[in-house]
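S.K.: The structure's right below; bear with me while I get my questions together.
The values are calculated or read from the model by the stated rules, or taken from the named source; none is laboratory data. Everything numeric in this text was worked out from a predicted model, so none of it was measured. Virtual Cβ from ideal backbone geometry, glycine too; neighbours counted across all protein chains shown.
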């Protein structure tokens, strides 16, 4: 670590607050277990641990080696907590202790996400899934009482159907008082033509099994910013039965890209311009690539670009004559031009960008800039891609500082601020960009969705 200053000293020298947009609480299992029992969940929390995974499949640790091989069950996280630092682990479990230490850690305000609860929206059993989420949300609401000046938890909202999502959203926001939520970013759905393990990923927008507009509308009506913290471990390409690191690398970015594209091409960000969505823990590299790909595909696959590929403009006889005159070393039978034209001609010509309401490249940037935020950890050296102006038309992305305290990514909470300050020390970000990353962008994300988000907090009245 290049900085020798403490987290508190770094914060004292800044001219702005610091918002942690993605801290983590590690649930106190015995306490959460009681909430699960109160919700009528037979066996409570402990009875459900065997199915605790991002995709709702049986947990790797509860299967025999033969079962893991037969199911290609992915190995999930292990030794994933900062247990060598007992004070930090206690801080992750106790919101009150985190509240006491937040200034020491160089932060002003933190939005806190669950840990085991990240998996609850993915449970396959409808009753179990919803009872787990209700229990978790009640547990979190009670755990942060009296601490809201510096900490706010997010509610876990399952999204297997829009009806369950709206019901859980309304309970969390209108009854429990949550100001922000974490929605399930996708649903693995069983293929009718396949067996138990044959699934496809429904990412809530394009080609979804349901119309999720009621959920998007209710989020807007309730002025609730929504984040997605779903991972793609267990998808094809991330199903190693032996290596967690193989499965983990890139899994948040991959899941985020799938949902972000689905929501974009499904027209959600076009129809609901007030919607604010945060894609967490995947960094910003996938977002930068997505923007570049959207631009290049619009140029080549938009209505004007497609004219270059219209089979009606092809001249098969001229094509055949050119080949006949080319003197290739192998024999090229005549007539391939007409065969080619017939083979690629069809009437199902569509504008892939129509539902998204895209009429020009600027529309793409407007929707991404308005609707999407990207969670990046302190040690991510590529945060600068959000700010360096290398994207089409010099666009920037809404990168937000996300500490991930409470998880294995952070073995020492006191080193998070010195680590993120290295972005400036290394010349990757200037101080204005650092301010946007650690304060301004997160403030806009929450306050644009809910103008009074910071009322009653230490940031009330603080402007970007």
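S.K.: Run residue 89 past the list (1) assigned to a helix (DSSP H, G or I); (2) surrounded by fewer than 20 Cβ atoms within 10 Å (Cβ to Cβ); (3) free of Cβ contacts under 8 Å to residues at least 60 places away in the same chain and report the number of the one that doesn't hold.
M.R.: Condition (3) is where residue 89 drops out.
S.K.: Okay, next question. Taking residue 186 as the residue in question, decide whether it is under 16 Å from the mean Cα position of the chain (by Cα), assigned by TED's automatic domain parsing to the domain that holds residue 53, buried (at least 16 other Cβ atoms within 10 Å of the Cβ) and in contact (Cβ under 8 Å) with a residue 24 or more places away in the chain.
M.R.: Yes, satisfied.
S.K.: Kindly list the number of the only condition in (1) crowded, with 22+ Cβ neighbours inside 10 Å; (2) within 25 Å of residue 208 (Cα to Cα); (3) out of contact with any helix residue (DSSP H, G or I) (no Cβ under 6 Å at 6 or more places or on another chain) that fails for residue 155.
M.R.: Every listed condition holds for residue 155 apart from (3).
S.K.: Against the definition (assigned to a loop (DSSP other than H, G, I, E, B), in contact with a helix residue (DSSP H, G or I) (Cβ under 9 Å, 6 or more places away or on another chain) and at pLDDT 90 or above), how does residue 76 come out, yes or no?
M.R.: Judged against the criteria, residue 76 is not a match.
S.K.: Within the range 46-63, can one find any residue that is touching a residue at least 60 places away in the same chain (Cβ under 8 Å), more than 30 Å from residue 400 (Cβ to Cβ) and in a loop (DSSP other than H, G, I, E, B)?
M.R.: Yes, because at least one residue in the range 46-63 is touching a residue at least 60 places away in the same chain (Cβ under 8 Å), more than 30 Å from residue 400 (Cβ to Cβ) and in a loop (DSSP other than H, G, I, E, B).
S.K.: While we're looking at this one, here's another question. Which one of these is assigned by TED's automatic domain parsing to the domain that holds residue 55 and either surrounded by 24 or more Cβ atoms within 10 Å (Cβ to Cβ) or touching a residue at least 40 places away in the same chain (Cβ under 8 Å) (or both): 170, 164?
M.R.: So the residue among 170, 164 that is assigned by TED's automatic domain parsing to the domain that holds residue 55 and either surrounded by 24 or more Cβ atoms within 10 Å (Cβ to Cβ) or touching a residue at least 40 places away in the same chain (Cβ under 8 Å) (or both) is 170.
S.K.: Among the listed residues 283, 375, 287, 337, identify the single one that is farther than 30 Å from residue 23 by Cα and either in contact with a helix residue (DSSP H, G or I) (Cβ under 9 Å, 6 or more places away or on another chain) or assigned to a helix (DSSP H, G or I) (or both).
M.R.: Only one candidate qualifies: 337.
S.K.: I've got another one for you. Among the listed residues 443, 407, which satisfies the condition of being within 21 Å of residue 102 (Cβ to Cβ) and assigned to a loop (DSSP other than H, G, I, E, B)?
M.R.: Numbers: 443 fails: assigned to a loop (DSSP other than H, G, I, E, B).
One residue alone meets the criteria, 407.
S.K.: Sticking with this one: Confirm whether residue 44 is in the same structural domain as residue 243 (by TED's automatic domain parsing) and at pLDDT 90 or above.
M.R.: yes
S.K.: Another question, then. Mind telling me which of the residues 237, 177, 231 ends up being touching a residue at least 24 places away in the same chain (Cβ under 8 Å) and surrounded by fewer than 23 Cβ atoms within 10 Å (Cβ to Cβ)?
M.R.: 177
S.K.: In this structure, does residue 12 turn out to be in the same structural domain as residue 435 (by TED's automatic domain parsing) and surrounded by 15 or more Cβ atoms within 10 Å (Cβ to Cβ)? Full working, then the answer.
M.R.: Working: in the same structural domain as residue 435 (by TED's automatic domain parsing): yes; surrounded by 15 or more Cβ atoms within 10 Å (Cβ to Cβ): no.
In short, no.
S.K.: Something else about it: Please verify whether residue 388 is outside any helix (DSSP H, G or I), in the same structural domain as residue 97 (by TED's automatic domain parsing) and free of Cβ contacts under 8 Å to residues at least 40 places away in the same chain, treating the condition exactly as stated.
M.R.: So residue 388 fits the description; yes.
S.K.: Now, a different point. Can you give me the number of residues within the range 203-223 that are touching a residue at least 12 places away in the same chain (Cβ under 8 Å), closer than 23 Å to residue 274 by Cα and either touching a strand residue (DSSP E or B) at 6+ places or on another chain (Cβ under 6 Å) or assigned to a helix (DSSP H, G or I) (or both)?
M.R.: 9
S.K.: Can you name the residue in the range 412-433 that is part of a helix (DSSP H, G or I) and free of Cβ contacts under 8 Å to residues at least 12 places away in the same chain and, of all such residues, is nearest to residue 460 (Cα to Cα)? Don't jump to the end; show me each part of the working.
M.R.: Taking the range 412-433 as the starting set, the residues that turn out to be part of a helix (DSSP H, G or I) are 413-425, 431-433.
After this cut, where a residue has to be free of Cβ contacts under 8 Å to residues at least 12 places away in the same chain as well, the list is 424, 431-432.
Values: 424: 27, 431: 23, 432: 21 Å.
Taking the candidates together, the pick is 432.
S.K.: Do we find that residue 350 is loosely packed, with under 14 Cβ neighbours inside 10 Å, more than 22 Å from the chain's Cα centre (by Cα) and not assigned by TED's automatic domain parsing to the domain that holds residue 85 in this structure?
M.R.: yes
S.K.: Would you confirm, using the coordinates I've provided, whether residue 393 is assigned by TED's automatic domain parsing to the domain that holds residue 213, under 27 Å from residue 14 (Cβ atoms), assigned to a helix (DSSP H, G or I) and modelled with pLDDT of 95 or more?
M.R.: no
S.K.: Something else now. Residue under question is residue 244, and the condition is that it be touching a strand residue (DSSP E or B) at 6+ places or on another chain (Cβ under 9 Å), surrounded by 15 or more Cβ atoms within 10 Å (Cβ to Cβ) and over 29 Å from residue 272 (Cβ atoms); does it hold? Break it down stepwise before answering.
M.R.: Values: touching a strand residue (DSSP E or B) at 6+ places or on another chain (Cβ under 9 Å): yes; surrounded by 15 or more Cβ atoms within 10 Å (Cβ to Cβ): yes; over 29 Å from residue 272 (Cβ atoms): yes.
It is true that residue 244 is touching a strand residue (DSSP E or B) at 6+ places or on another chain (Cβ under 9 Å), surrounded by 15 or more Cβ atoms within 10 Å (Cβ to Cβ) and over 29 Å from residue 272 (Cβ atoms).
S.K.: Give the residue that is surrounded by the fewest Cβ atoms within 10 Å (Cβ to Cβ), with candidates limited to residues of the range 300-317 that are assigned to a helix (DSSP H, G or I) and touching a residue at least 12 places away in the same chain (Cβ under 8 Å).
M.R.: So, considering only residues that are assigned to a helix (DSSP H, G or I) and touching a residue at least 12 places away in the same chain (Cβ under 8 Å), the one surrounded by the fewest Cβ atoms within 10 Å (Cβ to Cβ) is 312.
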